[in-house]
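Heads up, the thing below is written out as structure tokens.
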Amino acid sequence: MRKKFIAGNWKMYTTAATAKALAEGVAKGVADNAVTVAVCPPFPWLALVADVLRGSAVAVGGQNCHYANEGAYTGDVSPQMLLDAGCKYVLVGHSERRHGINEPDLFLNRKVKAATSAGLNVIFCVGELLAEREAKQTEDVLDYQLSAGLAGLSKDAVAKLTIAYEPVWAIGTGKVAKPEEAQEAHAFIRKCFAAQFGEAAANALLIQYGGSVKPDNARELLKLPDVDGALVGGAALKAESFLGIVHAAV
Ligand code: 13P
């Protein structure tokens, strides 16, 4: 049985004060470890949020990292810095970075390797554009993003991976994938993962769905056999709606 994993991606939202209040609200509503829960605040609030969540059942993640552990990389943050700030997770390959600022697959692959070898758990995001879905290229896109982004990973690194399937057309649009579309994509991702890393790793892999997940559609998605959790954007910015999704996973 795979344990459900719900993560909130706060993107470039919140102030120091609202981030603190949101973290407190989330911590209060997650009483046990029945579901794995994490929040990914903006970099400046990581240590603050980690302080609030210390001793709670809610973990902290970064939204991105560089592949180097230090260096002349203005504006970047290393995996070790995320660990020092109290992070357990990091998102890599979110569509707002892949498509928003053209981060290439090779770069993402280096980040996954660096983050996992530093000791972070990586939520590796994949997903097709609307035009790719309409052209029936979804499987080709997912296959490519997985094989390029995860090429050459060690067994240890594979054990630290979660995949988030986020169809780009569903992110922030209110347009959620139909259950059969989500299940089909998740099953395909698991099949690709099995071909890359073996059946046992694929069976243990957690695959989150992301894209307009809300408390009222979460249950239907989370009961699908290959949907092991959710990566939540907009609905993660209010403790009540995020907790609604966490409770739908129980
Ligand atoms: P929304 O839940 O706002 O659609 O965002 C999804 C997402 O991008 C999470 O990483």
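The values are calculated or read from the model by the stated rules, or taken from the named source; none is laboratory data. Keep in mind that what you see is a predicted model, and the values were worked out from it rather than measured. So basically every Cβ, Gly included, is an ideal-geometry build from the backbone, and we count neighbours across all protein chains shown.
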Practice task
Would you confirm whether any residue within segment 201-219 is buried (at least 19 other Cβ atoms within 10 Å of the Cβ), more than 23 Å from G100 (Cβ to Cβ) and in contact with a strand residue (DSSP E or B) (Cβ under 9 Å, 6 or more places away or on another chain)?
Solution key: yes
Exercise for the section: Name the residue, out of H94, H66, that is under 21 Å from M12 (Cβ atoms), surrounded by fewer than 23 Cβ atoms within 10 Å (Cβ to Cβ) and of a type outside the set (G, A, S). Expected result: H66
Exercise for the section: Have a look at A38, A50 and point out the one that is small (G, A, S) and free of Cβ contacts under 8 Å to residues at least 40 places away in the same chain. Expected result: A50
Exercise for the section: Confirm whether E128 is of a type in the set (D, E), under 25 Å from G234 (Cα atoms) and in contact with a Pro (Cβ under 9 Å, 6 or more places away or on another chain). Expected result: yes
Exercise for the section: Determine the pairs where a residue that is aromatic (F, W, Y), located within segment 160-177, has a partner that is surrounded by fewer than 23 Cβ atoms within 10 Å (Cβ to Cβ) and at pLDDT below 95 with Cβ atoms under 8 Å apart, the partner being 6 or more residues away or on another chain. Expected result: W169/K175
Handout entry: segment 130-139: number of residues that are away from the ligand (no atom under 15 Å from the Cβ), of a type in the set (A, V, I, L, M) and either part of a strand (DSSP E or B) or touching a residue at least 12 places away in the same chain (Cβ under 8 Å) (or both)
Key = 0
